[in-house]
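Here the structure is laid out as structure tokens; the discussion comes afterwards.
The values are calculated or read from the model by the stated rules, or taken from the named source; none is laboratory data. All values reported here derive from a predicted model rather than from experimental measurement. We place every Cβ from the backbone using ideal geometry, glycine too, and count neighbours over all the protein chains shown.
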Amino acid sequence: MALLHHLRKPDGGAGLKRYRIATIPGDGIGPEVVDASLPVLEAAAARFGFALDFERLPYSADHYLATGETLPDRAFEHLRHDVDAIYLGALGDPRVPGNEHARDILLGLRFRLDLYINFRPVRLLQPDLTPLKAAGRPGGEVDIDFVIFRENTEGMYLGRGRVDGEEYVAEEVHTVHGVTRIIRAALEWAKAHGKTRVTMADKSNAVPAHRLWQRLFGEVSAEYPGIETEHRYIDALAMDMVRKPERLQVVVTNNLYGDILSDLGAALVGGLGLAPSANLHPGRAGLFEPVHGSAPRHAGKDRANPMAAILTGALMCEALGELDAAAALERAVRAALAAGVRTPDLGGTAGTRAAAAWMAERVARS
Ligand code: NAD
Ligand code: IPM
Ligand code: MN
């Protein structure tokens, strides 16, 4: 899957390489998928000769309801200065209908750590997982393998606006700095990974502010003559994603559209139980989380799919420079899928813990 850069190297010197990983299991199924996945990541570390020192942080709806704290400044400073990566389950709880804690913790970390790239791969790991019909497609199979570069620090997500009587106003913010750097990140990644086309999606036919995306996409892509660039309005791209996902390689878009497209992308390749993501700023520690949320209906039932969290762990290993571990984690997920070790969302009967334990064993023997 190959990420952007190796973010950090651990302290030099002899002995086992050690990485400091803060975990924020969060709410709902978050703690279950994190608890099930950590032994799988540990198995990969043991197998490939490094150590993951996990530190569990309590920030969640429970913690907020008990203490009034979302993400205290001292925790933020600790995360900013002292860790190599953050591994997050999910945040969101019906007891916090305003979602204040998730805004402060999840969006707060993305914004305050300036993790401007939300890297969301969409890959079909087993042919049977897609709901798309293979009939009529060349070779009879659907080959889906693209990456969404979602801008992660601006757009609709700044929460700017006002409520004026009956009028609720939400403002989108797109800056030259913010749009340029996500477009450049997508093009750089495409170039580094032998991709030949980057697709930019906006709604500039209805939203004048999106003309900035058109302008900057033209300007920045001129520096990458080997890469074909194309523009789609977001509505048309949503349709194309379903009709012709095979032709997509790299998609770059704003924060809100990237959020929506990443759930659609997940649905094309087996659902949210399989979709990983990484929040990145090259050269800094990243925040790694599945695309899915806390799925409160499924919480506490040992039925959540841990594969999205494990694939997210693979992205984390890759960003840490542990490429063999990343590849082994991905192979273990593929092997579990092929062997029918599947949770109910994929039509199977495996529990969260059993599926993860199977993959831990597989990694250890890899
Ligand atoms: P969701 O992703 O939590 O769940 C939607 C549906 O997808 C679930 O009902 C379930 O059927 C399926 N699903 C998701 N993950 C699964 C898994 N690992 N295994 C099996 N099935 C899975 O989205 P939602 O219901 O819209 O949101 C629930 C809460 O999560 C909300 O509070 C929302 O704000 C929050 N949320 C958080 C994050 C995050 O922390 N990164 C992401 C999305 C949503
Ligand atoms: C995601 C989630 C978040 C987002 C929510 C929980 C604020 O949907 O990571 O995809 O919209 O970014
Ligand atoms: Mn989302």
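Listed by position, the helices (runs of 4 or more DSSP H) contained in the stretch 254-366 that have at least 3 residues being in contact with a Cys (Cβ under 8 Å, 6 or more places away or on another chain) are 323-339. With respect to being touching a strand residue (DSSP E or B) at 6+ places or on another chain (Cβ under 8 Å) and either in a helix (DSSP H, G or I) or not assigned by TED's automatic domain parsing to the domain that holds residue 104 (or both), residue 195 fits the description. For the stretch 293-317, enumerate the residues that are closer than 26 Å to residue 260 by Cβ, out of contact with any Asp or Glu (no Cβ under 8 Å at 6 or more places or on another chain) and surrounded by 24 or more Cβ atoms within 10 Å (Cβ to Cβ). Answer for the stretch 293-317, where residues must be closer than 26 Å to residue 260 by Cβ, out of contact with any Asp or Glu (no Cβ under 8 Å at 6 or more places or on another chain) and surrounded by 24 or more Cβ atoms within 10 Å (Cβ to Cβ): 307, 308, 309, 310, 313, 315, 316.
Is at least one residue of the stretch 124-144 among the β-branched types (Val, Ile, Thr) and within 16 Å of ligand 2 (Cβ to nearest atom)? Within the stretch 124-144, none of the residues are among the β-branched types (Val, Ile, Thr) and within 16 Å of ligand 2 (Cβ to nearest atom). On the given criteria, is residue 290 under 18 Å from the mean Cα position of the chain (by Cα) and either within 16 Å of ligand 2 (Cβ to nearest atom) or crowded, with 23+ Cβ neighbours inside 10 Å (or both)? So residue 290 fits the description; yes. Applying the condition of being of a type in the set (Lys, Arg), surrounded by 11 or more Cβ atoms within 10 Å (Cβ to Cβ) and modelled with pLDDT of 95 or more to the stretch 132-175 and asking which residue is nearest to residue 190 (Cα to Cα) yields 150. Residues in the stretch 220-251 that are assigned to a strand (DSSP E or B) and more than 16 Å from ligand 2 (Cβ to nearest atom): 228, 229, 230, 231, 232, 233, 250. Scan the stretch 242-253 and tell me whether some residue there is away from ligand 1 (no atom under 16 Å from the Cβ), surrounded by fewer than 21 Cβ atoms within 10 Å (Cβ to Cβ), among the hydroxyl-bearing types (Ser, Thr, Tyr) and not assigned by TED's automatic domain parsing to the domain that holds residue 312. No, because not a single residue in the stretch 242-253 is away from ligand 1 (no atom under 16 Å from the Cβ), surrounded by fewer than 21 Cβ atoms within 10 Å (Cβ to Cβ), among the hydroxyl-bearing types (Ser, Thr, Tyr) and not assigned by TED's automatic domain parsing to the domain that holds residue 312.
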